[in-house]
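Q: This structure is in structure tokens; I'll ask about it shortly.
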Amino acid sequence: MDQILLSLMIFVPLLGMVVVFLLPNDREELIKRVALAFTLIPLVLAVYLFIDYNKSSAETQYFVSVPWIDTFHINYHVGIDGLSVTLLLLTALLGPICVLASWRNIEKGLKAYMALFLLLETGMLGFFASLDLFLFFVFFELTLLPMYFLIGVWGGPRREYAAIKFFLYTLFGSVLMLVAIIAVYLRSNIINDVAEGLRTFDIPELIQRATVEGHALGDSKFQMWVFLGFFIGFAVKVPIFPFHTWLPDAHVEAPTAISVILAGVLLKMGTYGFVRINMAMFPEGLDYFTNGDGFLGHSLALLGFINIVYGSFCALAQTDFKKLVAYSSIGHMGFVILGLAARNAEGINGAVLQMFNHGVISAMLFLLVGVLYDRAHHREINGFGGLGNRMPIYTGITTLAFMASLGLPGLSGFIGEALSLFGAFQEFPLLTILSTIGIVVGAAYFLWTLQRVFLGALNPKYEELPEINRREILTLVPLGILTIVLGIWPNIAIDMFSKSVTNLVNIVSI
Amino acid sequence: MSLQHYLVISSILFTLGIFAVLTRKNAISILMGIELILNSCNLNFVAFSRFVEPAKNIVGRDDYLLDGQIIAIFGIVLAAAEAAVFLAIILAIYREFGSIRPDEVDTLKG
Amino acid sequence: MVVPLISIILLAPLAAFTIFALFGLAKRSFPRQDILSTAAMLVALGCSLYLLNETSDPKPLTVEWLSLGSITLSMGFYLDSVTVIMLIVVTLVSSLVHIFSIGYMHGDPRYPRFFAFLSLFSFSMLFLVVSDNLLGIYIGWELVGLCSYLLIGFWFEKDSAANACKKAFLTTRVGDVGMFIGMMMLFKQFDTLSLYGTDGIFEAVRTLEAGQIAWLSAAGILIFCGAVGKSAQVPLHTWLPDAMEGPTPVSALIHAATMVAAGVYLVARMFPILTPSSSLVIAYVGGITAIVAATIAIVRFDIKRVLAYSTVSQLGFMMLALGAGSYVAGLFHLTTHAFFKALLFLGSGSVIHAFHAMHAHHDEEHADDNEDEHDNHSLVHEHGSEIPPDQDMRNMGGLRRKMPFTFFTMLIATLSISGVPFVFSGFWSKDAILGGVLERAMGWNSVHHYILFGVVLLAAGITAFYMFRLIFMTFFGEPRNQEMHDMAHESPWVMVVPLLILAALSLPVVNKWWFKEGYINKPYQAHVHEPTHAQLRPDSKTGDTNFGFSNFGISEAEAAEEEGGHDTEHADDAHHGHGPAHTIAMVLSIIVAGLGILLSWLFYHKRRFTAESVATTFRPVYTLFWNKYYFDEFYNGVLVALTVWKSRLFAKFDLSIIDGIVNGVATITRAIFAAFIGFFDNRVIDGIVNRVAKVIWSVGGRVRRIQTGAIQTYLFVVLGGIVLIILIFRVL
């Protein structure tokens, strides 16, 4: 029974997609309820897995491995460790929240929207659970298609441009990744230039083989190139400068719920993949870019630093609320990169925690922007003013989200950021000190936005703006609680993955 | 009367039938030609059935089979059915084109 | 017993805030939030007083907060005499401010929210105080920042308030980043952020090699950066005067008990890691702050801004004391200052409240202004040149008869801050600081400390001058604005009672005993016996390793403390008349205070000289003071503008260069590559396809003629075919 739970969680939304397709077009309420139900099931399962997961062990749990395409030794291999169970929880949590957030503001083609959303959820859940490189890639690509349509059909005025940009960017990265995957596969059974045994796509098996003396996968030059292939694939997703320009466009055009998924989960796919593949499988390749030796040895940390500072400064200049949040995402993902580049327990734990926290916080931010957009039908920051008096609850929640995002201690955003910086400081002190500029600028743009939107005299245009309603509060409260709880007691999350991270630290510290 | 006599009669009937089918300008005549062809075939079946060496049964006596005759009866029944269908088609063609001359009904011309 | 007490102290105000937040989420508010918050603070005060004799176990609670494989970060409480004193000061002042606010904020549309924020503010400060590790202190530290943001911007409809709260948060955050870097340095070195205990930083610092002192100094200065931000030291002091945009009780809380005290408290807590160099930096920053803020205060007319600059100046005194090694004096001044500054602010609040009708009127006017300027929000803002009429001292005068209680209590506070001898607590604490600095100067023969002593003495004189200027302008003389004067009235008892309590606390008998009895001990500074800057003087005795203390008999106390015991022998600083330094300092401080008061009396009461004529004589100096040394202009005009400009540049770069490259690649791909492929596809690939189709078409056109439509033809052909086949098979 336990074995099937994980697969059940992955494919329940797919089943939901079929069911939604079978429903009549005009029963919109029913469609929404069914979609909600089919996103709630994975959430329940994810919570169960999260609680049931044995955190004292670093082993992969709940794994299932059955042959899928035997000719190429491809298995349907899924399983979870501390890292993936955390992100699975995040994904499953955002599922129903996004359905709720789409409750009123999808004007056309609700059935197709919900069906595509459910497909997207399957893709994301599968991605985080898969332990076979081929399956991993399939799920990675599976998220691309529904996303393309969700942005391209239900998006804003420039939706087609944004959708195509998003699609091509990601595809560009994943092509390089596919090449790297094939290269790994072809080398997977060569030891000392002699083929031995079968080739494999199995991730744990590949990680194990890479450590064998004389194995072709362990060759450091090879690792460097394959590392680069995977890295670019994931860098586009994260996004890492200079592959980031799809993000603001996609966010601005995407409907609220899709922005939430995009920032909350899709960006994490990049960093998750980086941890799962680049770090665990190619520690020698990683070493080239993070050993602190010359320019190349600083390059990853440098990218993290650029992301932080560049993203923050760009955010400061934005006048579109959603674009501001999008650029802030770029900045915050920089902390993840910086923490990962440090290769020590603090850095990686911090980075993983930051992934989760950023997922929660940025989801909140996009939901909040959506709430405002649904009412005022524009997102121009300078066009508001004084809403604090008109919408006190909304203002309160926004302040909470902003504070969490700018890294106020006591809220979850701080811990991840701080640990990443603590870790990075031990390896790259100068870059880390420079990165702290991002903290100040982050505070500056959030406070400035807070002032321009909520403080000051009430803009007479918005005297009748309705307060946030109960459904919207319902979408925000779980995330808000999570932000506060994890800020006060981060060990809840860190306990889940610290064993897996310790494992990883042992692999990467060569 | 040997088998050859029957076959000669049958060949004459067959040839006449073919001739009628190819040359007559009236659909009814063509039908008649077809009937001739069919009957020549029936005659052949019966003749062969009669003149083929019979097989010996288990006790060693001749075992005459009536296969040819039975097929001939099938053939007759078939001819009757065919004539009915043919005439129905001819009626339909006449209603459509006002003629039963096949060379005037050439809408399938490429 | 200790842990539950501390927990109650923390949880009571937090609970008050949480109740507000939960009710708020349901669009309601708790019926009596004011009573709830005040009661919570009083409970906390009671528990704090109870803790006074419970300092036997300094680390009552430690919990593992974060465990990352081999490294664990723990959180816990630390309780010693300093903690207890801070707890009492914070809860006491906060309780009184709560009570005062019941009267002051009465009728405000967001009345419940105000109390909820006050509670959260107090909680943050208390959490900071009891934390036993840097991370906990940092968490409390930033929460204090958040609360100050919320409270300074409480009347956020005013643009000036909205600007001020943002400025406060951002300015302190700049300092906080420095502190964060300092924390990272310490963490890298020691793998822990705990301060006390065998695996704490203070224990580890002792074993540092001589070569690492420079590094430790850097860390100390960076940590001090946090205090520069929070305690409004030069150059990050500009937010504090602007913070006067908040309601006056908030100012009292910020200035006396919570926010600015946090910085001093932090430096005091981090005292053991301070090296001679970092101490000297701290002392200089403190000294400069003291004099700069005092000179600015002379020329202010806004009653609250005068007090604000006086706070900045007094904080400079405290920092100087800590930097000069007078640990106890610094903390002593922190507590005495907390009481008399809270009193001054609440008193000024009482005065402003007296003009409340005008205040409301003014608000309406102001709101109209804001609408006009609505679109002019920017990160750069003009600030505070315009003084609200109810805070302008030029509108006041002669209030002592109208508001006797307020006058009386404020006078006590003023006497205290000015350093009028013997009766008032401020004299003792200020004197302790002056004595401590002079003592260090004489002991180390340090020219730096002589300079600092001179500076701070001057600042003390100026303090007396401008404080009495405030008193004379407000309460003496004839009313300058008769209309407002007529409207003024004494405040209700909920506001007066806190004033009286605070006035009582400004007398030395109440709060001097714990310093006098050696309740506080100076912590051990492992590396301070290498006063490198003192060695600059040719006649210094460089060989003496215990150099800094040898003349003053502290070394025994140090030695005793090194062994870990809480010795009964008190630290030297709080004692007066101990050695020549303190005597000299006391005499000098009485003289300058008297001089300051005398001058003030001559200027503003007797009107022997007018301030205007002096101002015209020293025009450039006056302009410099009036414009607050152009700090704001520099920040707004240069730093903020530069940041905004840079952000625009980056955004433009992003949009035109990075995105331009992406779009360019797309365009090039489309234009060149795609055009070629398109041509090829159109002409060659599609050409072949079309050609094939055409051939088939024409062949078909010919072949179709076979289809005659005549059945007999077909039959004939069939027959011919059969004959042909037969013939072929025959032949073969």
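The values are calculated or read from the model by the stated rules, or taken from the named source; none is laboratory data. Note that the structure is predicted; figures quoted are calculated from it, not measured. Virtual Cβ from ideal backbone geometry, glycine too; neighbours counted across all protein chains shown. Calculation scope for accessible area: heavy atoms of the full protein, side chains included, ligands and nucleic acids excluded. Shrake-Rupley method; radii C 1.70, N 1.55, O 1.52, S 1.80 Å.
Q: Restricted to the stretch C:201-255, and to residues that are without any contact (Cβ under 8 Å) to a residue 40 or more places away in the chain and not in a helix (DSSP H, G or I), which residue is most open to solvent (accessible area, probe 1.4 Å)?
A: Here the residue is C:209.
Residue-wise test of (1) open to solvent by 50 Å² or more (accessible area, probe 1.4 Å); (2) of a type in the set (Ser, Thr, Tyr); (3) assigned to a helix (DSSP H, G or I).
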{"position": "A:464", "(1), (2), (3)": "yes, no, no"}
{"position": "A:468", "(1), (2), (3)": "no, no, no"}
{"position": "A:474", "(1), (2), (3)": "yes, no, yes"}
{"position": "A:477", "(1), (2), (3)": "no, no, yes"}
{"position": "A:480", "(1), (2), (3)": "no, no, yes"}
{"position": "A:484", "(1), (2), (3)": "yes, no, yes"}
{"position": "A:492", "(1), (2), (3)": "yes, no, yes"}
{"position": "A:496", "(1), (2), (3)": "no, no, yes"}
{"position": "A:506", "(1), (2), (3)": "yes, no, yes"}
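Q: I'd like to verify a number: residues in the stretch C:410-437 that are open to solvent by less than 10 Å² (accessible area, probe 1.4 Å) and of a type outside the set (D, E, K, R), how many?
A: Residues flagged as open to solvent by less than 10 Å² (accessible area, probe 1.4 Å) and of a type outside the set (D, E, K, R) within the stretch C:410-437 amount to 17.
Q: Would you please name the residue that is farthest from residue A:310 (Cα to Cα), looking only at residues in the stretch A:433-458 that are facing another protein chain (nearest Cβ under 7 Å) and of a type outside the set (A, V, I, L, M, F, W, C)?
A: Among them, the one singled out is A:456.
Q: I'm trying to understand the selection: among the residues of the stretch A:8-40, which are among the β-branched types (Val, Ile, Thr), touching a Leu at 6+ places or on another chain (Cβ under 8 Å) and within 23 Å of residue A:139 (Cα to Cα)?
A: Scanning the stretch A:8-40 gives A:10, A:12, A:20, A:39.
Q: Related question: Can residue A:477 be described as out of contact with any helix residue (DSSP H, G or I) (no Cβ under 6 Å at 6 or more places or on another chain), within 8 Å of chain C (Cβ to nearest Cβ), more than 23 Å from residue A:304 (Cβ to Cβ) and modelled with pLDDT of 90 or more?
A: yes
Q: Follow-up question, since we're still on this one. How about the stretch C:18-75: which of its residues are more than 14 Å from every other protein chain (Cβ to nearest Cβ) and part of a loop (DSSP other than H, G, I, E, B)?
A: C:30, C:31, C:32, C:54, C:55, C:56, C:57, C:58, C:59, C:60
Q: Output the residues belonging to the stretch A:407-432 that are open to solvent by less than 10 Å² (accessible area, probe 1.4 Å), more than 7 Å from chain C (Cβ to nearest Cβ) and under 28 Å from residue C:159 (Cβ atoms).
A: The answer is A:407, and nothing else.
Q: Would you please list the contacts, defined by Cβ atoms under 8 Å and residues six or more apart or on different chains, that run from a residue in the stretch C:3-25 that is closer than 16 Å to residue C:110 by Cα to a residue that is among the β-branched types (Val, Ile, Thr) and surrounded by 18 or more Cβ atoms within 10 Å (Cβ to Cβ)?
A: Close Cβ pairs (under 8 Å, with a partner that is among the β-branched types (Val, Ile, Thr) and surrounded by 18 or more Cβ atoms within 10 Å (Cβ to Cβ)) amount to C:25/A:473.
Q: Mind checking which pairs have a first residue in the stretch C:259-275 that is more than 11 Å from residue C:144 (Cα to Cα) and a second that is among the basic types (Lys, Arg) and open to solvent by 10 Å² or more (accessible area, probe 1.4 Å), Cβ under 9 Å, 6 or more apart or different chains?
A: Listed by first residue and then by second, the contacts come to C:271/C:522; C:272/C:206.
Q: Next question, about the same structure. Residues C:717, C:662, C:699: which one is modelled with pLDDT of 80 or more, among the aliphatic types (A, V, I, L, M) and either within 25 Å of residue A:239 (Cβ to Cβ) or loosely packed, with under 10 Cβ neighbours inside 10 Å (or both)?
A: C:662
Q: Might you let me know whether the stretch A:384-394 holds any residue that is open to solvent by 10 Å² or more (accessible area, probe 1.4 Å), in contact with a Leu (Cβ under 9 Å, 6 or more places away or on another chain) and within 18 Å of residue A:476 (Cα to Cα)?
A: So far as the stretch A:384-394 goes, yes, one or more of its residues are open to solvent by 10 Å² or more (accessible area, probe 1.4 Å), in contact with a Leu (Cβ under 9 Å, 6 or more places away or on another chain) and within 18 Å of residue A:476 (Cα to Cα).
Q: Select, from C:126, C:195, C:186, C:118, the only residue that is more than 11 Å from chain A (Cβ to nearest Cβ), open to solvent by less than 10 Å² (accessible area, probe 1.4 Å), more than 18 Å from residue C:254 (Cα to Cα) and touching a residue at least 40 places away in the same chain (Cβ under 8 Å).
A: C:195
Q: Do we have residue A:484 as closer than 26 Å to residue A:330 by Cα, at pLDDT 90 or above and at the interface with chain C (Cβ under 7 Å from one of its Cβ atoms) here?
A: Answer is no for this residue.
Q: If you don't mind, there's one more thing I want to ask. Determine, yes or no, whether residue C:457 is at pLDDT 85 or above and surrounded by fewer than 24 Cβ atoms within 10 Å (Cβ to Cβ).
A: When the stated conditions are applied, residue C:457 passes them.
Conditions (1) within 14 Å of another protein chain (Cβ to nearest Cβ); (2) in contact (Cβ under 8 Å) with a residue 60 or more places away in the chain; (3) farther than 20 Å from residue A:359 by Cβ; (4) open to solvent by 10 Å² or more (accessible area, probe 1.4 Å), marked per residue:
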site	(1), (2), (3), (4)
A:248	yes, yes, no, no
A:254	no, yes, no, no
A:259	no, yes, no, no
A:262	no, yes, no, no
A:267	no, yes, no, no
A:272	no, yes, no, no
A:275	no, yes, no, no
A:283	no, yes, yes, yes
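Q: Additional query: Residues A:352, A:369: which one is assigned to a helix (DSSP H, G or I), within 14 Å of chain C (Cβ to nearest Cβ) and either at pLDDT 90 or above or open to solvent by less than 10 Å² (accessible area, probe 1.4 Å) (or both)? Show your work before the answer.
A: Values: A:369 fails: within 14 Å of chain C (Cβ to nearest Cβ).
Answer to the selection: A:352.
Q: In the stretch A:383-397, which residues are within 10 Å of residue C:157 (Cα to Cα) and either out of contact with any helix residue (DSSP H, G or I) (no Cβ under 9 Å at 6 or more places or on another chain) or more than 10 Å from every other protein chain (Cβ to nearest Cβ) (or both)?
A: Correct list: A:387 only.
Q: Does residue A:126 qualify as being open to solvent by 10 Å² or more (accessible area, probe 1.4 Å) and among the small types (Gly, Ala, Ser)?
A: no
Q: From the set of residues in the stretch C:86-111 that are surrounded by fewer than 23 Cβ atoms within 10 Å (Cβ to Cβ) and not in a loop (DSSP other than H, G, I, E, B), which is farthest from the chain's Cα centre (by Cα)?
A: Once the filter is applied, the top-ranked residue is C:103.
Q: Looking at (1) free of Cβ contacts under 8 Å to residues at least 40 places away in the same chain; (2) out of contact with any Gly (no Cβ under 8 Å at 6 or more places or on another chain), find the lone condition where residue A:439 falls short.
A: (2)
Q: Does residue A:186 count as part of a helix (DSSP H, G or I) and either crowded, with 16+ Cβ neighbours inside 10 Å or of a type in the set (Gly, Ala, Ser) (or both)?
A: no
Q: Something else about it: Can you confirm whether residue C:77 is touching a Leu at 6+ places or on another chain (Cβ under 6 Å), farther than 23 Å from residue A:396 by Cβ and of a type in the set (Phe, Trp, Tyr)? Give the derivation first.
A: Numbers: touching a Leu at 6+ places or on another chain (Cβ under 6 Å): yes; farther than 23 Å from residue A:396 by Cβ: yes; of a type in the set (Phe, Trp, Tyr): yes.
Criteria met by residue C:77.
Q: Does residue C:29 satisfy the condition of being over 30 Å from residue A:496 (Cα atoms) and either buried (at least 16 other Cβ atoms within 10 Å of the Cβ) or touching a residue at least 60 places away in the same chain (Cβ under 8 Å) (or both)? Let's see the steps before the verdict.
A: Numbers: over 30 Å from residue A:496 (Cα atoms): yes; either buried (at least 16 other Cβ atoms within 10 Å of the Cβ) or touching a residue at least 60 places away in the same chain (Cβ under 8 Å) (or both): yes.
Criteria met by residue C:29.
Q: Also: Can you tell me which residue is nearest to the other protein chains (Cβ to nearest Cβ) among those in the stretch C:626-637 that are open to solvent by 60 Å² or more (accessible area, probe 1.4 Å) and touching a residue at least 12 places away in the same chain (Cβ under 8 Å)?
A: Once the filter is applied, the top-ranked residue is C:629.
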